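The values are calculated or read from the model by the stated rules, or taken from the named source; none is laboratory data. Computed from a prediction, not measured in an experiment: that's the story for all the values here. Heads up, the Cβs are rebuilt from the backbone with ideal geometry, glycines too, and the neighbour counts pull from every protein chain shown. Just so you know, the surface numbers come from the protein's heavy atoms only, side chains and all, with ligands and any DNA or RNA stripped out. Shrake-Rupley method; radii C 1.70, N 1.55, O 1.52, S 1.80 Å.
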Amino acid sequence: MSEVNQAPRAVVMVRPHHFTSNPHTMLDNAFQSECLAQNQSEQAFKEVTNAVQILKNEGVTVHLFEDEQTHTPDSVFPNNWFSTHQSGQLIIYPMFVENRRLEYRKDIIDFLTDHYKVSSVTDYSFLSKENSFLEGTGSLVIDHKNKLAYAVESKRTTKSVVNTICEQLKLSPIVFNAYDEQGTAVYHTNVLMCIATKFVMISLNMVPINQRAQLAKHFLKNHHQVIDLTLEQINNFCGNAIELQGKNGRILALSQTAFNALTPAQITVIQKTAKLVPLPIPTIESAGGSVRCMIAGVHLQNK
């Protein structure tokens, strides 16, 4: 097998034709707001179109799928319902909110199976009927090179499911807790942290003091430089970024909102090993997710 890379060269994205902020996810997503713009659907469509073009210009292969349905308001965030792995495995996840389970798409799975080396497709979606949940790479922030999976326990991230999937993928699970200013559990791990090849972006202040040393130990052991994010930066989606492989090296895709919230010192650290590529997506961010949520990395090998 070829060397394991943290940054995928190809991604799956979904362009919504009827975008809206999902009322069913608002209860536990503190990052979400009700989008009141009259033309929110049109704006979201344009934001995805523009983001795809920017990524393509950087040399990233983008597999873009259209969603013309009206009952899947969060379909722009495909990273929550499936993930792919260099071993050839493809995992389908149990989603917390019922109307998000309507996002599962056979055509996307079939496309990946046709164009990449997929050895197995494992569907865990049935676990939602047992009130057990795990929302893809929203719940799991995976360090592919070091075979680790970081997960913040929440209503959407059940520890037993983390352990089951990590065992299948031969990943070591690192389950911890994280809370916002109000003491509410962070709903997805990927709003709190991003793992890149040479650095990790995380808000350690949101993690209980007695759990921080364990995280820091893993970062140090794996030679990840820690870029510590403030609560305000997390609220500006700085943790919701993804490292990708472009034609001229690695890039860090993040929103324009997140880029604007980074400090010059943080930008300097990132730019040592990855080019910052900001994507303007304010309408989509009103639904509580940002760039990382929009991108499902393809870690499979080409056929």
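Largest first and in whole Å, the equivalent-ellipsoid semi-axes of the chain read 24, 22, 21, each the square root of five times a Cα gyration tensor eigenvalue.
Each label was represented as a point 7 Å from its Cα along the Cα-to-Cβ direction; for Lys155 and Lys275 these points are 4.2 nm apart.
Give the shape of the stretch 49-207 as rounded, prolate or oblate, defined through the alpha-carbon gyration tensor: a ≥ b ≥ c are the square roots of its eigenvalues, a/c under 1.5 means rounded, and otherwise the shape is prolate if a/b is larger than b/c and oblate if not. Walk me through the intermediate numbers first.
Details: a/c = 1.32, a/b = 1.24, b/c = 1.06.
Since a/c stays below 1.5, the shape of the stretch 49-207 is classed as rounded.
Entry comment: accessible area of the chain is 42 Å² per residue, from protein heavy atoms only and a probe of 1.4 Å.
Rounded, prolate or oblate for the stretch 218-303? Axes are the square roots of the Cα gyration tensor eigenvalues, ordered a ≥ b ≥ c, and the cut-off for rounded is a/c under 1.5.
Details: a/c = 1.58, a/b = 1.08, b/c = 1.46.
Note, shape of the stretch 218-303 comes out oblate.
Looking at this model, which pairs from Lys198/Lys221; Lys221/Lys247; Lys56/Lys303 are more than 23 angstrom apart at the alpha-carbon? From the list (Lys198/Lys221; Lys221/Lys247; Lys56/Lys303), the Cα-Cα distance tops 23 Å for Lys221/Lys247.
If only the Cβ of Lys and Arg carry +1 and only the Cβ of Asp and Glu carry -1, the dipole of the stretch 184-292 around its Cα centre is close to 460 debye.
In deg cm²/dmol, rounded to 500, what helix-only [θ] at 222 nm does the chain give when every DSSP H run of at least 4 residues adds -39500 (n - 2.57) and the total is split over its residues? Please report the intermediate quantities before stating the final value.
Details: 10 runs with 83 residues, N = 303.
It comes out at -7500 deg cm²/dmol, rounded to the nearest 500.
If packing is taken as the mean number of other Cβ atoms within 10 Å per residue, what is the order of 88-94, 215-221, highest first?
Values: 88-94: 21.1, 215-221: 14.1.
Result, highest mean Cβ count within 10 Å first: 88-94, 215-221.
If contacts are Cα pairs under 8 angstrom and at least 6 residues apart, what is the relative contact order of the stretch 51-178 in percent? Working shown, then result.
Details: 177 pairs, mean separation 26.8, N = 128.
It rounds to 21 percent for the stretch 51-178.
Within the stretch 81-193, what percent of beta bridges assigned by DSSP are antiparallel, to the nearest 5?
Working: 10 of 19 bridges.
Antiparallel bridges make up about 55 percent of those DSSP assigns within the stretch 81-193.
Considering only Ile281, Asn57, Gln40, and ranking their Cα positions along the charge dipole of the chain that arises from unit charges at the beta-carbon of Lys, Arg, Asp and Glu, the one farthest toward the positive end is Asn57. In order along the stretch 72-88, the Karplus-derived 3J(HN,Hα) couplings, from 6.51 cos²θ - 1.76 cosθ + 1.60 at θ = phi - 60°, round to 10, x, 9, 5, 5, 10, x, 5, 7, 10, 8, 9, 10, 9, 4, 5, x Hz, and Gly and Pro are given as x. Between the listed residues Val162, Tyr187, Pro73, the Cα displaced farthest toward the positive end of the dipole of the chain, a dipole computed from Cβ unit charges relative to the Cα centre, is found at Val162. Compute the Cα gyration tensor for the stretch 137-240, then decide on rounded, prolate or oblate, letting a ≥ b ≥ c be the square roots of its eigenvalues: rounded whenever a/c is under 1.5, prolate when a/b is larger than b/c in the other cases, and oblate in all that remain. Because a/c hits 1.5 or more and a/b fails to exceed b/c, the stretch 137-240 counts as oblate.
Assuming charge only on the beta carbon of Lys and Arg (+1) and of Asp and Glu (-1), the dipole of the chain about its Cα centre is about 1140 debye to the nearest 20. Taking 7 Å steps out from each Cα toward its Cβ at Lys303 and Thr49 produces label points 3.1 nm apart. Measure out, as a whole number of angstrom, how far apart the alpha-carbon centroids of the stretch 146-183 and the stretch 205-232 sit. When both Cα centres are located, 15 Å separates them. Segment Lys170..Gln182, full-extension length gain: 0.8 nm, with 0.36 nm per residue of separation and the alpha-carbon distance subtracted. Measuring r between the beta carbons of Ile267 and Val226 and using R0 = 22 Å, the FRET efficiency lands at 0.90.
Suppose R0 equals 30 Å. What FRET efficiency, 1/(1 + (r/R0)^6) with r the Cβ-Cβ distance, do His18 and Glu130 give to the nearest 0.05?
With R0 = 30 Å, the Cβ-Cβ based efficiency is 0.45.
Nonpolar atom fraction for the chain, defined as the carbon and sulfur part of the 1.4 Å probe accessible area, stands at 50 percent.
With 0.36 nm allotted per residue and the present C-alpha distance subtracted, the His115-Lys217 stretch has 32.9 nm of extension available.
Please list Asp67, Asp110 from largest to smallest accessible area, probe radius 1.4 Å, with all protein chains kept in place. Present the calculation step by step, with values, prior to reporting the outcome.
On the way: Asp67 5, Asp110 60 Å².
So the residues, ranked largest to smallest area, are Asp110, Asp67.
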